[in-house]
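Undergrad: Before I ask anything, let me first share the structure, which is written out below as structure tokens.
The values are calculated or read from the model by the stated rules, or taken from the named source; none is laboratory data. These numbers were taken from a predicted model, which means no experiment stands behind them. Glycine gets a Cβ as well: all are built from the backbone with ideal geometry, and neighbour counts include every protein chain shown. In case anyone asks, the SASA skips ligands and DNA or RNA and just uses the protein heavy atoms, side chains included. Shrake-Rupley method; radii C 1.70, N 1.55, O 1.52, S 1.80 Å.
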Amino acid sequence: MTSRLDVRGVTTSFGGVHAVSNVSFTLGAGEQLSIIGPNGSGKTTLLDGIAGRVPFDDGMVLLDGVQLSGTPEHHARRGIARTFQRTQIFPSLTLADHLLVALRARHGSPRLWRDLLRVTTRTSGEREAIATCLGHVGLAGKEDVIVGTLGLGTCRMVELARALVTAPSVLLLDECSSGLDGDEASLLVDVVLETSARTGMSVVAIEHDLSVVAAFGGEVLVLVNGVLLGQGHLDEVLANPEVASAYLGARP
Amino acid sequence: MSQLWSYVLPGFAGGCPQALLAVAIVLTYTATGVLNFAASGQAYVAGLTYALLIEGGHSIWFAAVISVLVLSPLLGVVLDVALFSRIRGASQTAQVVVSLVVLLLLEQVPALIRGDAPVYAPPPIVGNASDVSFHAGSTGVSSEQLGAVVITVGVVALVAFVLKSTRLGLTMRAAVESPRLLELSGVKAFPIRTASWMLSSVLSGLAGVLIAPTLVQVSTVSYWMVFVPAVCAAVLGGFRSLLGACTAGFGLAVLVSIAAGYLPESTFFQAVVGPGIPFVILAVCVVAHPGMANLLRSSDPLATVDPPRIVAVVPPPRTAASWGISGLGLAVAVAGSLVVLLALEPADVYVLSTGIALGIVFLSITLVTGVSGQLSLAQASFAGIGAFACGQLSLHVGWGFFAGALAGSFLAALVSAALGVLARRLRGLALVLLTFAFALLCDQVIFQWSWVGGGFTGVQMPIPSVFGTSLQPSSRAFLVLTMAIFALCGVTVYRLRVGSVGLFAASLRESEVGSRSIGVSPTRVRFELFVVAGAIAGLGGSLLGSLQGVVSPASFTIETGLFWVVAVCAIGSVSTTGALLAGVAVAISQQPNTATTALGNVGLWIEVALAFSALSYAWRPEGMVEVLRHGAIKQIDALHLLTSGRSRS
């Protein structure tokens with residue numbers, strides 16, 4: 001059976017430094033994978049590569065058996081959605097407009113002539129999709145709020161909603177709980193897991209907070225200096241002396 | 001071989017000012033992140049001061065010391081302390097707009113103070129143009145040329161020594177790499193920045209003083225002609241290497257001299273191709289240099305600690321007050337139109353028609369800058385392309401105004417599409433540079449071809465004719481026509497702004513990384529907006545040309561284009577109202593019969609006031625109109641809250 005996401009021997013380097021070195025993993029539909037590792041270990045570079053933001057020097061990424069290539073926008077339209085460690089929101093747009101951009105971009109660039117002939121207002125389908133998605137992330141009824149006026153925790157939920165509204169096949173989360181308190185982080189995890197269970201969306205999450213990793217469940221992948229050091233369930237991985245030494249600083 | 005020397009040596013000597021300016025541009029960019037278009041203005045002010053002091057009877061050395069070592073560093077300090085240090089962290093677009101404003105002010109303020117009396121070329125600092133110091137083959141090298149080369153090489157060597165081998169230089173290099181790390185080490189980065197501005201200003205000033213003796217008259221245009229290859233040299237130096245920029249400055253001058261020398265004499269190539277070489281090289285460098293697409297990326301490891309802030313134009317919520325203000329605006333526009341149509345004198349009707357035609361051209365700036373978030377310095381060139389195409393088609397093919405204007409608009413769209421394809425990888429500063437090179441190519445070369453710009457006499461423009469009646473430029477019928485075309489273009493811009501394309505452009509403006517991650521293609525969205533903007537500029541240019549009767553290359557110069565961008569940024573780059581009001585303000589300022597008061601020419605004062613207003617672009621990119629509108633809505637809402645609270649109590 002074809003995996004949802006198949007990462008095969010990907011490698012990338014910057015000026016002679018191997019940021020990611022021959023990393024492989026597979027992920028089925030509806031499964032979760034957490035990536036842990038110290039700062040500078042290549043976690044975000046790996047995610048950027050899967051999202052098309054950084055080209056891999058070697059190896060390939062397959063989505064539902066089809067090789068991904070090209071720019072981030074091509075990857076996004078194929079069903080890869082993501083969030084960022086530093087939130088990448090559009091401060092002057094409303095929550096509804098955030099989601100509207102994502103919905104329309106999922107199906108390609110807008111037709112210029114359509115805008116010229118008549119102002120493209122939100123369709124009833126778009127309005128419904130936006131309201132439903134905002135409801136899922138706990139932001140129901142806030143369609144017209146300007147995102148620049150919101151706090152970090154809410155902005156992370158907006159970014160998540162923007163990713164989820166496109167009904168992606170794979171969701172990439174880059175330190176999604178960073179800067180959130182316990183309640184906010186667990187709400188975010190609940191939303192992701194509930195969506196994953198409902199739609200079969202696969203999740204790859206970079207995390208430093210091991211309680212969040214535990215909440216996600218699924219396999220854990222340990223990356224150190226761009227090299228895959230271990231893979232398995234959280235307890236197994238943490239029991240690995242090499243992982244403990246490299247990641248937790250404990251003596252083997 | 002001796003013929004080659006006869007091209008190489010003058011080229012090398014002539015390359016001194018541009019090598020110095022290139023080093024100054026790189027120094028400012030690396031130390032502060034500002035692409036300083038004002039360097040040309042700083043050079044002009046120093047050159048002008050040098051010439052005026054000598055004209056006033058002062059010695060050459062006194063004039064040189066005051067211009068280069070007193071005035072120039074002082075100017076650098078003022079620019080940094082009063083302006084550029086206050087917009088640290090603003091977007092690169094905002095910083096370019098501010099440097100354009102400084103350039104315009106440096107060019108306009110001297111004219112405001114001393115009028116437009118000509119200033120003739122002063123003698124050089126060292127040597128004389130007619131004294132031959134030595135011969136290389138059969139080519140004599142004058143003492144003036146030799147002096148310029150010695151001074152330039154000596155000064156650049158001194159700057160290199162200071163940067164490489166002194167404590168100040170070490171700190172300056174550290175400030176370039178990471179001002180934040182430097183401050184964490186206990187060294188204040190602020191004085192280092194100021195020192196960089198002073199040093200680059202001295203280099204610009206010296207370039208200005210070296211240029212002045214080579215001219216017939218000290219004029220701003222001559223300084224532009226040196227600034228372009230200097231920017232080109234800075235691009236070749238990757239905006240990082242001082243030595244690379246200096247070498248490229250000399251190399252380009254030699255290359256242009258050799259190319260001009262070897263092109264067949266009195267032919268199309270020598271007359272037409274030769275002058276365009278620097279602009280083409282600049283365009284090629286910007287498009288082909290691998291570093292240009294990444295010009296926005298910082299090498300500072302702590303850059304993400306305080307990345308350039310996004311100045312979000314947050315619209316006020318749609319309350320009763322905002323609808324009321326919009327309704328009031330519409331009512332005032334309708335009432336104003338009626339008054340204008342019934343009561344204005346023909347001369348005033350003409351000014352208003354010109355203002356609205358300019359407003360149409362400015363709508364193209366609204367699309368590129370206000371909607372797309374990019375900065376194009378070539379919108380006046382697209383207006384020129386439209387106007388010249390309309391005029392030439394009328395002259396040679398006998399087409400009427402409307403057919404010619406449509407063809408001109410189509411041609412302008414086609415050219416902007418070609419430029420858009422070249423610029424598909426570029427954004428921010430790199431796009432500014434490409435459009436700058438294109439605008440200069442049009443201004444200095446393409447529009448000068450008689451079969452394009454009509455030569456010295458210009459091109460006679462057709463007058464619109466409706467149902468067999470010709471519309472005279474000062475007639476009310478022409479005014480109605482300009483209003484109708486503005487309404488058409490305004491609706492186009494409005495629909496694009498509030499529709500899907502505008503939504504995508506807004507997302508790209510605020511986070512390109514975030515937009516691309518959800519599938520927005522920056523290349524396509526910006527390309528489409530750029531092409532539509534070109535078409536609108538071309539249409540507006542035809543209308544403007546028809547109002548003027550005759551268009552010549554002087555109608556669409558690079559300086560005109562820069563002033564237009566500044567005017568739109570001052571009044572409002574995000575709305576059609578801003579474009580219209582900016583058009584009317586510029587039209588009033590540029591009327592030849594504008595009143596002259598005890599304070600000088602009113603038109604010049606309006607231009608200076610617009611330039612000063614545009615300085616606020618770094619903080620409020622939405623412009624004056626939107627700031628006032630948002631302020632009014634807030635006040636009305638506050639008043640409404642207050643009164644409703646009282647009535648309840």
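Undergrad: If a residue counts only when it is open to solvent by less than 30 Å² (accessible area, probe 1.4 Å) and at the interface with chain B (Cβ under 8 Å from one of its Cβ atoms), which helices (runs of 4 or more DSSP H) contained entirely in the stretch A:33-114 have at least 1 such residues?
TA: Filter on the stretch A:33-114 gives A:72-78, A:95-106.
Undergrad: Turning to a different aspect of this structure: Which condition number does B:SER196 fail, the rest of (1) open to solvent by 20 Å² or more (accessible area, probe 1.4 Å); (2) part of a helix (DSSP H, G or I) being met?
TA: Unmet condition: (1).
Undergrad: Tell me whether the stretch B:467-487 contains one or more residues that are closer than 18 Å to B:GLY583 by Cβ and within 14 Å of chain A (Cβ to nearest Cβ).
TA: No, the conditions are met nowhere in the stretch B:467-487.
Undergrad: In the set B:ALA505, B:ALA487, B:ALA535, which member is surrounded by fewer than 24 Cβ atoms within 10 Å (Cβ to Cβ), modelled with pLDDT of 90 or more, within 29 Å of the chain's Cα centre (by Cα) and small (Gly, Ala, Ser)?
TA: Every option except B:ALA487 fails the conditions.
Undergrad: Same structure again: Specify which of the listed residues (B:ALA230, B:ALA245) is touching a residue at least 24 places away in the same chain (Cβ under 8 Å) and either hydroxyl-bearing (Ser, Thr, Tyr) or under 26 Å from B:GLN108 (Cβ atoms) (or both).
TA: The match here is B:ALA230.
Undergrad: Which residue pairs have Cβ atoms under 6 Å apart, sit 6 or more places apart or on different chains, and have a first residue in the stretch B:106-131 that is of a type in the set (A, V, I, L, M, F, W, C) and a second that is assigned to a loop (DSSP other than H, G, I, E, B)?
TA: B:VAL119/B:VAL218; B:ALA121/B:LEU215
Undergrad: Checking B:LEU184 against (1) closer than 25 Å to B:LEU433 by Cα; (2) out of contact with any Ser or Thr (no Cβ under 7 Å at 6 or more places or on another chain), which test does it fail?
TA: Here B:LEU184 meets the rest and fails (1).
Undergrad: Return the total of residues in the stretch B:615-641 being in contact (Cβ under 8 Å) with a residue 40 or more places away in the chain and either buried (at least 19 other Cβ atoms within 10 Å of the Cβ) or of a type in the set (S, T, N, Q) (or both).
TA: 12
Undergrad: Right, something else. Inside the stretch B:439-451, can you point out the residues that are under 18 Å from the mean Cα position of the chain (by Cα) and open to solvent by 30 Å² or more (accessible area, probe 1.4 Å)?
TA: Scanning the stretch B:439-451 gives B:LEU441, B:GLN444.
Undergrad: Please pick out the residue among A:ALA185, A:ALA161, A:ALA214 that is small (Gly, Ala, Ser), within 14 Å of another protein chain (Cβ to nearest Cβ) and more than 19 Å from A:GLY28 (Cβ to Cβ).
TA: A:ALA161
Undergrad: Only residues that are open to solvent by 50 Å² or more (accessible area, probe 1.4 Å) and part of a loop (DSSP other than H, G, I, E, B): list them for the stretch B:103-128, please.
TA: B:ASP116, B:ALA117, B:PRO118, B:PRO123, B:VAL126, B:ASN128 - these are the residues of the stretch B:103-128 that are open to solvent by 50 Å² or more (accessible area, probe 1.4 Å) and part of a loop (DSSP other than H, G, I, E, B).
Undergrad: Would you confirm whether or not the stretch A:136-151 contains a residue that is open to solvent by 40 Å² or more (accessible area, probe 1.4 Å), more than 30 Å from B:VAL531 (Cα to Cα), among the hydrophobic types (A, V, I, L, M, F, W, C) and in contact (Cβ under 8 Å) with a residue 12 or more places away in the chain?
TA: yes
Undergrad: Sort out which residues of the stretch B:182-194 are at pLDDT 80 or above and out of contact with any Asp or Glu (no Cβ under 9 Å at 6 or more places or on another chain), and write them in order of number.
TA: B:PRO191, B:ILE192
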